[in-house]
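The values are calculated or read from the model by the stated rules, or taken from the named source; none is laboratory data. Since the model is a prediction, treat every value here as computed from it, not as a measurement. Neighbour counts are summed over all protein chains in view; Cβ atoms, including those assigned to glycine, are modelled from backbone coordinates with ideal geometry. Accessible surface areas use protein heavy atoms only, side chains included; no ligands, DNA or RNA. Shrake-Rupley method; radii C 1.70, N 1.55, O 1.52, S 1.80 Å.
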Amino acid sequence: MKSLVKEHIEKIKSGKISLDEFISEIKKKIEKIQSEYSPFITIKIENPEKKGKLYGIPISVKDNICTQGIQSTAGSKILEGYVPPFDATCVKKVKGQGSVIIGKTAQDEFGFGSFSVNSFVIPKNPWDKTRVCGGSSGGAACLTALADFPHIAMAESTGGSISCPAAFCGVVGITPTYGRVSRFGLIDYANSLDKIGTIGKTVYDTALLLSVISGYDTLDSTSLEVRDEDFTKYCEENSKIKIAVPKEYFGEGVDPKIKDLVWKAIKKLESLGAKYQEVSLSQTTYALPSYYLIAMAEASTNLAKFCGMRYGFHSELKGNFEEYFSQIRKLGFGEEAKRRIILGTYARMAGFRDAYYLKALKVRSLVIQDFRRIFKKFDVIAAPTMPVIAPRFDEVKKLEPIEAYMMDVLTAAPNLAGIPMISLPCGFVKSLPVGLHLMADHLQEKKIIQAAHTFEVNE
Amino acid sequence: MKVLIGIEIHVHLLTKAKLFCSCSTDYEGKEPNNLVCPICLGFPGSKPKVNKKAIDFGILAAKALNCKINPEIFFSRKSYFYPDMPKNFQISQYEIPLAVGGYLEILGKKIRIRRIHLEEDPARLVHVGGDITSATHVLADYNRAGIPLLEIVTEPDFTSTKEVREFLSKLSSILEHLEIFDPSKEAGLRVDANISLEGGERAEIKNITGFANVEKALNYEIIRQKNLRRIGKKVERETRHFDAETRSTHTLRKKEFEEDYGYIFEPDLTKIEISQSWIKSLKMPELPDKRVERFVKQYKIPKQQASVIVYIDKALADFFEDCSKIYKNYKQLAKWIVTDLLKCLNWNKITIRESRVKPKSFVELLKLIDKGKITERLAKEIIKEYVPTGKSPEQIVKEKKLVTIKGKKELEKVVLAVIKENKKAVDDLKAGRKKALEFLVGHVLKKTRKTADPKVVRELIEKLTK
């Protein structure tokens, strides 16, 4: 697939298109997409103030990333009407490179979900409107698939929120190494897991936006002090990739047709010169529960600040402080947010803290060691992104919370470990896209980009 | 009944910026909610960033209090809902604090220090329409939110209010010598105290502001618990609030079990390594104990007086040394500082720093005594006016016409007149009744408006009645 973004940058540079005309053209397109699929919570198209690497490129921003002057709700009613007084570092960076911010994309409330249904705006799957987009960055992936104009989405993943919707919507999503992109300005879900990444139509597009938003930031103590990289230069074919195929990622719960497609993709890479070997990642089973324990424990503290006192959803001042904030939180939070507050609080209370929260942190170290062991011998790990194709809205409604959490079974471990991963389309099952998941060691984005690009250009 | 007291002291560290953002800490007298930013207001998406200066200050305090400094520290989230908390959790330290296991010696006894840690101060709350239990509403000023607090926790090693007072005074002086704390700031030092009688439950008194209130709160609480025991009632495990106006403590909430703050590691901050080279790079100034030793050696003043001067207040010790540069009778200087100067400062409820007492004018007073221009007795009167006003002592002497009678002849005249007027007393004196002598001295002093030296007067009367 050709990168519209690459073409567009050339055209704007050479003066073949006028930016104003282009913007008014995409405005109409965006409105049409919105009326049919609802990928946006807020549409606001801003002309660029500067020229740079992304001059004239439309960028959508997931709603949990703060944008100065544009409502940022993170998909929650409790932040309805909240207009941040500052830009997230990554937003500042893309604005500095001349991009056209087009609005804020839909998501599960605070990132709590895998279908983008836990919110007040619910995007529909571009391939079948009766199906979900995946989540939590559902709006970002939905818009990316539907846009027939150059566009890249800024998304965010805690436990699979970039890979999942990218797979369900048939687009490319990169989740970088934890700390690669500053989280300053990201409305927290679980701070030790949250990663801002990108979704695009091609590997090149995602790599381009990632190059712009990466880098050390003094405002985020957990951001990594590594040198800046131009990830687009890794969009090159590499025939010497060593691939690990973990058997735990092809288990019972995974749709056999998806397994077949992923195996086909691996064989394809082999035919292009890669070598693969089946391996075992024995800690995989423990990754999902420990991911949820850590994520919920952190989330339950992050959500405490929303109490109708300083910003966001307010109501008439009645009763004492506790009565007031309880009422605000009762009305403002959705069901899933409430569930995670309760579960997360439970996991960190005296008497349970050792058994749940602290044990989950230990498991996390083991999961990282597990991956490290594999990456000593291999460049990338290949697996299906999701165990199923995008489910229908009515199917999702019937799921018990635990069944919904099981959706993250293949994405939880790499997210818990903070390693980079990319999901890219590798075929269709029942006319719905399937994602190939490639993972690499910390800071080895280069390897997944090379492997993904190699597959992409030969598909 | 043995009393057991343990205290937690919270002090504002004198950093220029707050603990996790660059807002100014200089909030006193400022318009409320002006020294704030998205970070100290806990806005969505904002992230804390550690002010290393606060850790420097914490390390200095830990060293001065003989603590073991942990080589790697981290911050944790302490969760509870309260309107003074911007995030409804406080970034504090839990499992591994900055330092542990120290002590501070007072009155020849070691008070053990359990831990020292850093945390952010919540907002300042102003209760409107009543006190903490009866207010109709509360105003919050987030200027204070995020100011670095150093929390120092002692073991329950105190057995009296006096020990607590000595401890706080010395601690404050140490922190002042380290230049990390300003005791003159309101709310700069807050204390939580746990008090129990041996064998009984303990009550915790929260948030007592200032030294004087700590003493009052503790005294009240000890009496309350003793009275309960006397009438056969049990002290309940609870948190109490000290009301500075009524000088009494009141139940805030019953405590059947430990409060559960659901601590997690602060995931927005990384671990901080405190290397030996970091610790060594921080210069330790002369601390109070060493300063007392030096005062004794250098100025040859009694240790007891040196201790008072140094432990009360660094500013007082600095004052002593400033005076010593222009006045060499150190013994006289020390004596006057620890007795009359302190008495007058306390009477006026001010510290040396707040007062208008300056070395030059204070030394002027001492020189008037030395030159025999005024008596010590008169000096004691003059200092009462000098301390609150800062007026030159010579000026006071002039204004009040309080000149010492210079010549003995002049004094003799007065003495003779008194003898003449008090025949009976003179007879009594001659008969050996000593009281009569004091009676006569009193009359002479009255006539000379206390400008005469009683010792000289006494000798004169004895001589002239023989």
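For region A:218-232, what are the residues that are within 9 Å of chain B (Cβ to nearest Cβ) and either among the hydrophobic types (A, V, I, L, M, F, W, C) or more than 20 Å from the chain's Cα centre (by Cα) (or both)? Matches in region A:218-232: A:Thr218, A:Leu219, A:Ser221. The set of residues in region A:79-90 that are more than 10 Å from chain B (Cβ to nearest Cβ) and open to solvent by less than 10 Å² (accessible area, probe 1.4 Å) contains only A:Cys90. With respect to the conditions (1) open to solvent by 20 Å² or more (accessible area, probe 1.4 Å); (2) away from chain B (no Cβ under 14 Å), A:Tyr356 falls short on a single one, namely (2). Only one of the listed residues (B:Lys185, B:Lys162, B:Lys170) is surrounded by fewer than 20 Cβ atoms within 10 Å (Cβ to Cβ), touching a helix residue (DSSP H, G or I) at 6+ places or on another chain (Cβ under 9 Å) and of a type in the set (Lys, Arg). That residue is B:Lys162. Residue pairs whose Cβ atoms lie under 7 Å apart, sitting 6 or more positions apart in sequence or on different chains, and linking a residue in region B:230-251 that is assigned by TED's automatic domain parsing to the domain that holds B:Glu215 and among the acidic types (Asp, Glu) to a partner that is modelled with pLDDT of 90 or more and open to solvent by less than 20 Å² (accessible area, probe 1.4 Å), are B:Glu238/B:Ala203. Among all positions in region B:301-322, there is at least one residue which is touching a helix residue (DSSP H, G or I) at 6+ places or on another chain (Cβ under 8 Å) and farther than 29 Å from B:Lys162 by Cβ.
Please verify whether region A:360-375 includes one or more residues that are aromatic (Phe, Trp, Tyr), assigned to a strand (DSSP E or B) and farther than 20 Å from A:Ser157 by Cα. The answer is no; no qualifying residue exists.
Somewhere in region A:216-224, is a residue closer than 27 Å to A:Asn125 by Cβ, of a type outside the set (Asp, Glu) and in contact with a helix residue (DSSP H, G or I) (Cβ under 8 Å, 6 or more places away or on another chain)? No: zero hits. Specify the residue that is farthest from the other protein chains (Cβ to nearest Cβ); the eligible residues are those in region B:34-63 that are in contact with a Ser or Thr (Cβ under 8 Å, 6 or more places away or on another chain), in a helix (DSSP H, G or I) and crowded, with 22+ Cβ neighbours inside 10 Å. In this case the residue turns out to be B:Phe57. Go through region A:91-107 and report how many residues are within 14 Å of another protein chain (Cβ to nearest Cβ), charged (D, E, K, R) and touching a strand residue (DSSP E or B) at 6+ places or on another chain (Cβ under 9 Å). Matching residues across region A:91-107 total 1.
Quickly run through region A:46-77 and pick out the residues that are more than 22 Å from the chain's Cα centre (by Cα) and either touching a residue at least 24 places away in the same chain (Cβ under 8 Å) or buried (at least 17 other Cβ atoms within 10 Å of the Cβ) (or both). Selection gives A:Glu46, A:Asn47, A:Pro48, A:Glu49, A:Lys50, A:Lys51, A:Gly52, A:Lys53, A:Tyr55, A:Gly56. Consider region B:183-199 and keep the residues that are of a type outside the set (A, V, I, L, M, F, W, C) and modelled with pLDDT of 90 or more. The one that is nearest to B:Asp313 (Cα to Cα) is B:Arg190. Within region B:64-86, if we keep just the residues that are closer than 17 Å to B:Ile274 by Cα and free of Cβ contacts under 8 Å to residues at least 60 places away in the same chain, the residue that is farthest from the other protein chains (Cβ to nearest Cβ) turns out to be B:Asn66.
Taking the criterion of being closer than 29 Å to A:Ala355 by Cβ, without any contact (Cβ under 8 Å) to a residue 12 or more places away in the chain and hydrophobic (A, V, I, L, M, F, W, C), would at least one residue in region A:306-326 satisfy it? No, the conditions are met nowhere in region A:306-326. Exactly one residue out of A:Ala287, A:Ala265, A:Ala299, A:Ala244 is open to solvent by less than 50 Å² (accessible area, probe 1.4 Å), outside any helix (DSSP H, G or I) and modelled with pLDDT of 95 or more: that is A:Ala244.
Looking only at residues in region A:206-217 that are part of a helix (DSSP H, G or I), under 19 Å from A:Ile419 (Cβ atoms) and out of contact with any Phe, Trp or Tyr (no Cβ under 6 Å at 6 or more places or on another chain), the one that is nearest to the other protein chains (Cβ to nearest Cβ) is A:Ile213.
Consider region A:307-329 and keep the residues that are surrounded by 13 or more Cβ atoms within 10 Å (Cβ to Cβ) and outside any helix (DSSP H, G or I). The one that is farthest from the other protein chains (Cβ to nearest Cβ) is A:His314. Only residues that are modelled with pLDDT of 95 or more, in a loop (DSSP other than H, G, I, E, B) and of a type in the set (Gly, Ala, Ser) were counted in region A:92-142, giving 10. All conditions but one from (1) open to solvent by 70 Å² or more (accessible area, probe 1.4 Å); (2) closer than 27 Å to B:Ile382 by Cβ; (3) not small (Gly, Ala, Ser) apply to B:Leu316; the one that does not is (1).
Put simply, of B:Ser24, B:Ser79, B:Ser92 the only residue that is of a type in the set (Gly, Ala, Ser), surrounded by fewer than 20 Cβ atoms within 10 Å (Cβ to Cβ) and touching a strand residue (DSSP E or B) at 6+ places or on another chain (Cβ under 6 Å) is B:Ser92. With respect to the conditions (1) surrounded by 19 or more Cβ atoms within 10 Å (Cβ to Cβ); (2) modelled with pLDDT of 95 or more; (3) within 21 Å of the chain's Cα centre (by Cα), B:Ile106 lacks only one, and its number is (2). Among residues of region B:262-280 that are within 14 Å of chain A (Cβ to nearest Cβ), those with a Cβ under 8 angstrom from a residue that is exposed (fewer than 14 other Cβ atoms within 10 Å of the Cβ) and part of a strand (DSSP E or B), sequence gap 6+ or separate chain, pair up as B:Lys271/B:Glu72; B:Ile272/B:Glu72; B:Glu273/B:Glu72. The condition of being touching a residue at least 60 places away in the same chain (Cβ under 8 Å), open to solvent by 10 Å² or more (accessible area, probe 1.4 Å), more than 14 Å from every other protein chain (Cβ to nearest Cβ) and of a type in the set (Gly, Ala, Ser) holds for A:Ser239. Screening B:Lys435 on (1) open to solvent by 80 Å² or more (accessible area, probe 1.4 Å); (2) within 30 Å of B:Glu364 (Cα to Cα) shows it passes everything except condition (2). Name the single residue, out of those in region B:238-294 being among the hydroxyl-bearing types (Ser, Thr, Tyr) and touching a strand residue (DSSP E or B) at 6+ places or on another chain (Cβ under 9 Å), that is farthest from A:Thr301 (Cα to Cα). It comes out as B:Ser248.
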